[in-house]
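Novice: Here it is, the structure in full.
The values are calculated or read from the model by the stated rules, or taken from the named source; none is laboratory data. Quick caveat, the model's predicted, so the values are computed rather than measured. Ideal geometry is used to build each Cβ from the backbone, glycine not excepted, and the neighbour counts take in all protein chains shown. Surface areas here come from the heavy atoms of the whole protein model, side chains and all, with no ligands, DNA or RNA. Shrake-Rupley method; radii C 1.70, N 1.55, O 1.52, S 1.80 Å.
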Amino acid sequence: MELRPEQLVAQLGLDRPEPASLHPAYLIAGPEPLRVLEAADAVRAAARRAGIAEREVFEAEGNQREPDWNAMSASFRAPSLFASRRLVELRLPSGKPGKEGAEVIADFCADPPSDVTLLITAGEWSKQHGGKWSEAIGRIGQIAIAWQIKPHELPDWIERRLRARGLRADFDAVQSLAERVEGNLLAAAQEIDKLALLSDGQSLDRDRMAELVADAARFDVFRLVDAAMNGQGAQVSRMLAGLRAEGEAVPGLLGMIVMELQRAASLARVQARGGNLSAEFKAQRIWDSKQPMYKRALARHASPRWDAFVAEAGRVDRIAKGRVRYGEEPADAWLALERLLLAVAEPRATRLLAG
């Protein structure tokens, strides 16, 4: 039976005094990295509680496209060197072990060694990923799939996580946090962890939630990018000043900024050739609630200019790292970043990029 990662964690009973009995094999996969990670961590913790002290990890290394299947198969048959039981981990980012890997996994499941627990994690999963190897795991162990949380499911996920951290929040407060993170579970988890530190134990309403989230995050890069894309030039300058005052570094901000500029450039190219923008929004995993922001940004700038913005972000990165090219004047990276984001926000500010 396919479980949700949270169901698997609950079955492992980490909050109970007695350690749970482990199955011979676990498969945890899906497109939500946080849920995969936390479920896998729970299996590792349960293994430690059960006295499993030895751990082996198999994954593709260097130029290899697949793990060393021969070494993994030999490990299954070899006795443990340092402990009576072992946790063997197989990491499959693609979710596809190939023919040889599928045979190794199926052979393990046909006669699982008594001293080995197998944990397989995968970052991609769909109905086409499964096969005889995953069916074999299902017969002797457990399978948990971390499907992407849908927009209407996010408030419930947030509420359950708040409760797990000892926090209480009303409907409006939960909705406001869901609107803020827009499907980013890692961002939601981080905000909830901050709330657990800042909350005074009282139930949170929308105003208190906004106050605490603002105190915790103040001027964050997510809101900075949103301000630029929404054409809010004055807010861009104010937030950049706040980030600089808080001791942030330009290279630390550029990762998210470049990602959003590249995303907008891709959307602009699709729009320029008359392609299906709705399909591209879906391919880019951009939520419905955020699409109007991109549409407003695309209306301000044509496709070539977005590519120019991406190139300018590269120049800002070189300035921040002291790697200006021959003929380039050394500059203030913060000023260069402000000019870039103001140009994104205001078409008339693009002339600042020439200076």
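Novice: Starting from the 7 Å offset along Cα-to-Cβ, what nm value, one decimal, do you get for the label separation of ARG48 and VAL258?
Specialist: 3.5
Novice: Report relative contact order for the stretch 21-105 in percent, whole number only (criteria: Cα-Cα under 8 Å, sequence separation at least 6).
Specialist: Relative CO of the stretch 21-105 lands at 31 percent.
Novice: Based on the mean of other Cβ atoms within 10 Å per residue, sort peptides 200-209, 311-320 so the most packed one is first.
Specialist: Descending mean neighbour count gives 311-320, 200-209.
Novice: Tell me which residues come under 5 Å, amide H to amide H, from LEU204 once H is placed; ignore anything under 5 positions away on its chain.
Specialist: Those qualifying (amide H under 5 Å, at least 5 residues apart or on another chain) are ARG168, ALA169, ASP170.
Novice: Given the DSSP H assignment, sum -39500 (n - 2.57) over each helix run of at least 4 residues in the chain and divide by its residue total; what's the result at 222 nm in deg cm²/dmol, nearest 500?
Specialist: Details: 16 runs with 197 residues, N = 355.
Value at 222 nm, helices only: -17500 deg cm²/dmol.
Novice: If I compute solvent accessible area with a 1.4 Å probe over the protein chains, what percent of it on the chain is carbon and sulfur?
Specialist: In the chain, the share of accessible area belonging to carbon and sulfur is 50 percent.
Novice: While we're here: Quick one: net charge around ASP170, please, counting Lys, Arg +1 and Asp, Glu -1 for every other residue with C-beta under 11 Å from its C-beta. The partial results should precede the final answer.
Specialist: Numbers: positive: ARG168, ARG206, ARG208; negative: GLU159, ASP172, ASP205, ASP207.
For residues surrounding ASP170, the net value is -1.
Novice: Okay, moving on. Under a straight-distance cross-link criterion of Cα-Cα below 13 Å, which aspartates and glutamates are reachable from LYS290, leaving out those fewer than 8 residues away in the same chain?
Specialist: Answer for LYS290, where 13 Å is the Cα cut-off: GLU179, GLU182, ASP226, GLU260, listed by chain and number.
Novice: Rounded to the nearest Å, what's the spacing between the alpha carbon centres of the stretch 16-39 and the stretch 266-328? Just the number, please.
Specialist: If you average the Cα positions of each part, the centres end up 38 Å apart.
Novice: Can you pull the one-decimal nm distance between simple spin-label points at LYS132 and ALA311, each 7 Å off the Cα toward Cβ?
Specialist: Roughly 5.4 nm, to one decimal.
Novice: In whole Hz, what ³J(HN,Hα) sequence does the stretch 276-286 give by Karplus (6.51, -1.76, 1.60; θ = phi - 60°), x for Gly and Pro?
Specialist: Taking θ as phi minus 60°, the curve returns 7, 5, 4, 5, 5, 4, 5, 5, 7, 6, 9 Hz for the stretch 276-286.
Novice: Same structure again: Can you order the peptides 34-40, 147-153 by their average number of other Cβ atoms within 10 Å per residue, highest first?
Specialist: Peptide ranking by packing, descending: 34-40, 147-153.
Novice: Now for a different question. Report ³J(HN,Hα) in whole Hz for each residue of the stretch 155-170, in order, from the Karplus equation J = 6.51 cos²θ - 1.76 cosθ + 1.60 where θ = phi - 60°; Gly and Pro get x.
Specialist: x, 5, 4, 5, 4, 5, 6, 4, 4, 5, 9, x, 10, 10, 8, 7
Novice: At q = 0.11, 0.17 Å⁻¹, what is the log10 ratio I(q)/I(0) for the stretch 76-155, with the Debye formula run over Cα points and no solvent?
Specialist: Here log10 of I(q) over I(0) equals -0.35, -0.73.
Novice: Stretch LYS282-LYS321 to full length: gain in nm at 0.36 nm per residue minus the Cα-Cα span? All intermediate terms of the calculation are to be shown ahead of the outcome.
Specialist: On the way: separation 39, 0.36 × 39 = 14.04 nm, distance 3.49 nm.
Extra length from LYS282 to LYS321 when fully extended: 10.6 nm.
Novice: Can I ask one more? Report ³J(HN,Hα) in whole Hz for each residue of the stretch 19-24, in order, from the Karplus equation J = 6.51 cos²θ - 1.76 cosθ + 1.60 where θ = phi - 60°; Gly and Pro get x.
Specialist: So the Karplus estimates, Gly and Pro as x, are x, 6, 6, 8, 7, x Hz.
Novice: While we're looking at this one, here's another question. Determine, from the Cβ-Cβ distance of GLU246 and GLN202 and an R0 of 35 Å, the FRET efficiency 1/(1 + (r/R0)^6), rounded to the nearest 0.05.
Specialist: Numbers: r = 27 Å, r/R0 = 0.78.
It comes out at approximately 0.80.
Novice: Out of residues 5 or more away from GLU89 or on other chains, whose amide H comes under 5 Å of its own, with H placed 1.01 Å from N in the peptide plane?
Specialist: Amide H neighbours of GLU89, under 5 Å, 5+ apart: GLU56, VAL57, PHE58, LEU119.
Novice: Which residues does a label at GLN148 reach in the stretch 254-298, if reach means a backbone N under 12 Å from a point 7 Å past the Cα toward the Cβ?
Specialist: The answer is 279-288.
Novice: Turning to a different aspect of this structure: With label points built 7 Å along Cα→Cβ from the Cα atoms of ALA234 and ASN70, find their separation and express it in nm.
Specialist: Calculated label separation equals 7.0 nm.
Novice: Computed from these coordinates, which is semi-axes √(5λ) of the Cα gyration tensor in Å: [x] 33, 25, 21; [y] 28, 26, 19; [z] 44, 26, 20?
Specialist: Computed from the coordinates, semi-axes √(5λ) of the Cα gyration tensor in Å corresponds to [z].
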